[in-house]
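Engineer: Encoded as structure tokens, here's the structure I'll be asking about.
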Amino acid sequence: MSDAILESQPKQPTTTSSTNTVVPGSSKGSLDFGKLVADHRAYFLSGVTRSAEWRESQLRALHSMMKDHAEDFYAALWSDLRRNRIEADFVDVKFMTSEIDHVLSHLRRWMKPVPLSTPYQLAPSHAEVRFDPLGVGLIIGTWNYPLMLTLSPLVAAISAGNCAVIKPSEVSPATGEAIARFLPEYLDRKAFSVVLGAVPETTALLEQQWDHIFFTGGTSVAKIVMTAAAKNLTPVVLELGGKNPTIVHSSANLRVAARRIAFGRWFNTGQTCTAPDYVLAFKDVAAEFLKCLKETLVEFYGDDPQNSPDLGRIVSTHHFDRLVKLLDSGTIFHGGQQDRNDRFIAPTILTNVSPDSPAMQEEVFGPILPVLEVDSVQEVIQFVNARPSPLGLYLFSEDSSVTEQILSSTSSGDADVNDCTLQPTIHDLPFGGVGNSGMGKYHGEWGFRAYSNARGVLSHSTKIDIGGLRYPPYDHNRILREIVMPS
Ligand code: NAD
């Protein structure tokens, strides 16, 4: 953070209200969200946040926060999700620093206006696309990757020169509190605030007038968010979930497919929006694939997965109870053990699952993987297209014509061929859903663009002004007009 910005900020207490609401930028520190947004908007309108220097200073400050408090974040993630350090680094702590590094190394190029050619009848003129910040954004985070899914949208907001209010998920309280404690120590408090709370606070925040709302969570709450946004025609990015189909074709490398699917499904105990939600295995390889998958689970988590240091826990008893009910949707081929006091469910493979069963009707979002059998590529395409568009589609196949046929006949937010789940870790790949799994893309330049107004600017010279071509009376010069303005 630059000295100028540091000096401009009076030190204020971070926790300011008995309602567990943290409003670092507000002198009152109350639930007066109207004032909070107005203060941030006044700061935005001062123009401070537009410069590349300010954006870079904020990104560097966020980077320092992640490094200086890595231990605090590991502890918070352990407390919320019993997440081990390797996974915490991969998707939360070190992921954030690497994403910030990526943005810092490209930001100046992204900010540059893009020049465009203009038609000769308007010469001399110049057209360009500028990327203007939108203003003050609201970021509503979720709990499964409580750092990445709250701070990654913030990186995008900063990169485009916006102010933001961040509302971490109440379901991962330790991480939310860590964000609320440290972020104001590092970032420009006039531009950013953290609000802790649950549904009442989110509802009150959604009543404010925002310039952008970024929501990560489930489809039903997304509809509440979009309804609130519609009142002010506020643009939204909705990062939602869904049931991600994972196809294992007869040509697939079954051992590799099993390992990668197991990694994707059981990473973070299955609580991943991009995880394989169910497998469609071709009949001729289904038995062999299931054998490989079972062996992989024993390799990964041992015979007693409850004691594996690499397997986390279900985030809450509410989600534990929901998941246990899904175990009745088929035959337990592997796993199935559970311990409510420990919020533990073993990595579980379900077979003989009916497409009408609960495990195939709702997003699983836990350590249970239904495996269904299919006969043909056509059946796969029909199965996928009969359901809402997923966030990710995964295809294990060594036959490129099958791969191409399935990709070009289906729709999903993103897709992985011969792998799964990892697409959000590629900083430049657009990440986000389509249809029921969301709208809007982010990460890297896509995040910068999501938080920018692509403003077309056409500039003319006044030195030449040929009236006959464009001004009334239109009657004269018809021939010339037909030449330069063909239909
Ligand atoms: P959720 O929709 O219940 O909650 C998300 C946020 O919404 C929380 O901050 C919460 O406080 C707020 N909220 C909850 N109820 C609300 C209400 N009635 N009014 C206003 N705000 C409310 O989602 P969740 O259970 O936290 O997350 C699970 C879902 O999120 C899954 O569907 C998963 O696939 C999806 N998800 C998507 C992504 C992605 O990047 N696309 C990432 C992670 C999770």
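Engineer: Expressed as a rounded percentage, what relative contact order does the chain have, with Cα pairs under 8 Å and six or more residues apart? Please report the intermediate quantities before stating the final value.
Structural biologist: Details: 971 pairs, mean separation 84.1, N = 487.
After rounding, I find 17 percent.
Engineer: To continue, here is another question. Mind jotting down the distance between the C-alpha centroids of region 138-210 and region 379-453, whole Å?
Structural biologist: 26 Å
Engineer: Arrange the peptides 210-222, 131-143 so that the one whose residues have, on average, the most other Cβ atoms within 10 Å appears first. All intermediate terms of the calculation are to be shown ahead of the outcome.
Structural biologist: Numbers: 210-222: 21.9, 131-143: 23.9.
The peptides rank, most packed first, as 131-143, 210-222.
Engineer: On the protein heavy atoms, probe 1.4 angstrom, tell me the percent of accessible surface of region 318-394 carried by carbon and sulfur. Intermediate values should be presented prior to the final figure.
Structural biologist: On the way: 1500 of 3300 Å².
For region 318-394, the apolar C and S fraction of the accessible surface comes to 45 percent.
Engineer: Taking the Cα centre of region 245-432 as origin, work out the dipole magnitude from +1 charges on Lys and Arg Cβ and -1 charges on Asp and Glu Cβ, in debye rounded to 20.
Structural biologist: Roughly 380 debye for region 245-432.
Engineer: Further question: Could you look at region 75-155 and say what percent of its accessible area is carbon and sulfur, using a 1.4 Å probe and all protein chains? Could you put the intermediate results ahead of the total?
Structural biologist: Values: 1880 of 3120 Å².
Here it works out to 60 percent.
Engineer: How much accessible area per residue does the chain have, counting only protein heavy atoms and a probe of 1.4 Å, in square angstrom? Before the final figure, lay out the partial values.
Structural biologist: Numbers: 20590 Å² over 487 residues.
Using a 1.4 Å probe on heavy atoms only, each residue of the chain averages 42 Å².
Engineer: Sticking with this one: Compute the angle between helix 52-68 and the longest alpha-carbon principal axis of the chain, please, reported from 0 to 90 degrees and rounded to the nearest 10.
Structural biologist: Helix 52-68 and the main axis of the chain meet at about 20 degrees.
Engineer: Once the Cα atoms of helix 148-159 and of the chain are each reduced to a long axis, what angle between those two axes, in degrees from 0 to 90 to the nearest 10, is obtained?
Structural biologist: Once rounded, one gets 10 degrees.
Engineer: In what sequence, highest mean first, do 448-456, 169-177 appear when ranked by Cβ atoms within 10 angstrom? Numbers along the way, then the final one.
Structural biologist: Details: 448-456: 18.6, 169-177: 21.9.
Averaged packing, sorted descending, gives the order 169-177, 448-456.
Engineer: Using unit Cβ charges (K, R positive; D, E negative) and no other charged atoms, how large, in debye to the nearest 20, is the dipole of the chain about its Cα centre?
Structural biologist: Details: 43 positive and 54 negative charges, 309 e Å.
Roughly 1480 debye, rounded to the nearest 20.
Engineer: Please report the relative contact order for region 245-432, taking Cα pairs under 8 Å with a sequence separation of at least 6, and give it as a percent rounded to a whole number.
Structural biologist: Working: 342 pairs, mean separation 53.3, N = 188.
RCO, region 245-432: 28 percent.
Engineer: Which net charge results for the neighbourhood of Lys243, defined as the other residues with beta-carbon distances under 9 angstrom from its beta-carbon, given Lys and Arg at +1 and Asp and Glu at -1? Don't jump to the answer; show the numbers that get you there.
Structural biologist: On the way: positive: Arg387; negative: Asp277, Glu362, Glu363.
Surrounding charge for Lys243 is -2.
Engineer: Estimate the FRET efficiency between Arg130 and Ser409 by the formula 1/(1 + (r/R0)^6), using the beta-carbon distance for r and 41 Å for R0, to the nearest 0.05. Please report the intermediate quantities before stating the final value.
Structural biologist: Details: r = 39 Å, r/R0 = 0.94.
That pair, Arg130 with Ser409, gives E of 0.60.
Engineer: What is the helix-to-structure angle for 283-301, meaning the angle in degrees between its Cα long axis and the longest Cα principal axis of the chain, kept from 0 to 90 and rounded to the nearest 10?
Structural biologist: Between the helix axis and the principal axis of the chain, the angle is about 90 degrees.
Engineer: Under a Cβ-Cβ cut-off of 13 Å, what is the net charge of the residues other than Ala204 that fall near it, where Lys and Arg count +1 and Asp and Glu count -1? Each step should come with its number before you reach the end.
Structural biologist: Working: positive: Lys35, Lys167; negative: Asp32, Glu201, Glu207.
Net local charge, Ala204 excluded: -1.
Engineer: Which order, highest average first, do 158-164, 330-336, 146-152, 95-101 follow once you tally other Cβ atoms within 10 Å for each residue and take the mean per peptide?
Structural biologist: Values: 158-164: 27.7, 330-336: 17.0, 146-152: 25.7, 95-101: 20.3.
Packing proxy ranking, top to bottom: 158-164, 146-152, 95-101, 330-336.
Engineer: Also: So, with +1 on the Cβ of K and R and -1 on the Cβ of D and E, and no other charges, what is the size of the charge dipole of region 64-125 about its Cα centre, to the nearest 20 debye? Numbers along the way, then the final one.
Structural biologist: Values: 8 positive and 9 negative charges, 79 e Å.
Dipole about the Cα centre, nearest 20: 380 debye.
Engineer: Less than 12 Å Cβ to Cβ from Ser376, Lys/Arg counted +1 and Asp/Glu -1: what total charge do the surrounding residues give? Walk me through the numbers before you get to the answer.
Structural biologist: Working: positive: Lys283; negative: Asp284, Glu373, Asp375, Glu379.
Taking every Cβ under 12 Å from that of Ser376, the sum is -3.
Engineer: I've got another one for you. Mind checking which of Gly456, Gln405, Tyr394 is farthest towards the positive end of the chain's charge dipole, using Cβ charges of +1 (Lys, Arg) and -1 (Asp, Glu) about the Cα centre?
Structural biologist: Gly456
The values are calculated or read from the model by the stated rules, or taken from the named source; none is laboratory data. What you see is a predicted model; the values in this text were computed from it and never measured. Cβ atoms come from the backbone with ideal geometry, glycine included; neighbour counts cover every protein chain shown. Remember, those area values only see protein heavy atoms, side chains included, never the ligands or the DNA or RNA. Shrake-Rupley method; radii C 1.70, N 1.55, O 1.52, S 1.80 Å.
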